[in-house]
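Notes to accompany the following structure.
The values are calculated or read from the model by the stated rules, or taken from the named source; none is laboratory data. Just so we're clear, the structure is a prediction, and the values are computed from it rather than from any experiment. Cβ coordinates were reconstructed from backbone atoms using ideal geometry, including for glycine residues, and neighbour counts include every protein chain displayed. The area values use the complete protein model at the heavy-atom level, side chains included, leaving out ligands, DNA and RNA. Shrake-Rupley method; radii C 1.70, N 1.55, O 1.52, S 1.80 Å.
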Amino acid sequence: MATREPRIPGPDHPITVEPTAARVVARVGGTVVADSTRALTLREASYPPVQYIPLEDVDQALLTATDTGTYCPYKGDASYWSIVLPEAGAEANGRLADAVWGYREPYPSVAAIAGHVAFYPDRVEVVTEDA
């Protein structure tokens, strides 16, 4: 197995993590999956900003951990969860596979996102609202 060398953000690949200055709500249809005034905005290189919400502010009864894992040389190993909705008629029989990810032990340069999760915007509506 190849050794994973963490990369340090810098001018060629900047990453910033800052408190979000608004309330962040994540919804699937009419179901609120997360609601937080403690979210963090991660900006990475030319990617769109991502809202990382504290896991405590997520309805964890709707989450099921999966075996999926990915690696980012700037952030570390990511874990994934599926969203399982109780209402009938939801996508894929109420299950949105691997719609949520987080870094349980992120690299030091992004340590602030530990204990937070993010949502794929093509599966979960994530909006910022006035706090």
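Here Leu55 meets each of (1) within 16 Å of Ala26 (Cα to Cα); (2) open to solvent by 40 Å² or more (accessible area, probe 1.4 Å); (3) more than 11 Å from the chain's Cα centre (by Cα) with one exception, condition (3). When the residues of the stretch 1-21 are filtered to those that are aliphatic (A, V, I, L, M) and surrounded by fewer than 16 Cβ atoms within 10 Å (Cβ to Cβ), the one that is nearest to Arg104 (Cα to Cα) is Ile8.
Scan the stretch 112-131 for residues that are among the charged types (D, E, K, R) and under 13 Å from Ser36 (Cβ atoms) and the total you get is 1. Pairs are defined by a Cβ separation below 8 Å, a sequence spacing of at least 6 or placement on different chains, a first member in the stretch 58-76 that is closer than 15 Å to Gly115 by Cβ and touching a residue at least 24 places away in the same chain (Cβ under 8 Å), and a second member that is open to solvent by 30 Å² or more (accessible area, probe 1.4 Å) and aliphatic (A, V, I, L, M); the pairs so defined are Leu63/Val84.
Rundown of residues vs (1) modelled with pLDDT of 95 or more; (2) of a type in the set (Ser, Thr, Tyr), yes/no style:
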residue	(1), (2)
Arg4	no, no
Thr16	yes, yes
Gln51	yes, no
Leu62	yes, no
Ala65	yes, no
Gly69	yes, no
Trp81	yes, no
Glu87	no, no
Ala90	no, no
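When Ser79, Ser46 are checked against the criterion of being exposed (fewer than 15 other Cβ atoms within 10 Å of the Cβ) and of a type in the set (S, T, N, Q), Ser46 stands alone in meeting it. If the condition is being within 30 Å of Arg95 (Cα to Cα), over 17 Å from the mean Cα position of the chain (by Cα) and among the polar types (S, T, N, Q), then the stretch 1-40 contributes only Thr31. Suppose we keep only residues that are over 18 Å from His13 (Cα atoms) and within 13 Å of the chain's Cα centre (by Cα) within the stretch 100-111. Which one would you say is surrounded by the fewest Cβ atoms within 10 Å (Cβ to Cβ)? That would be Arg104.
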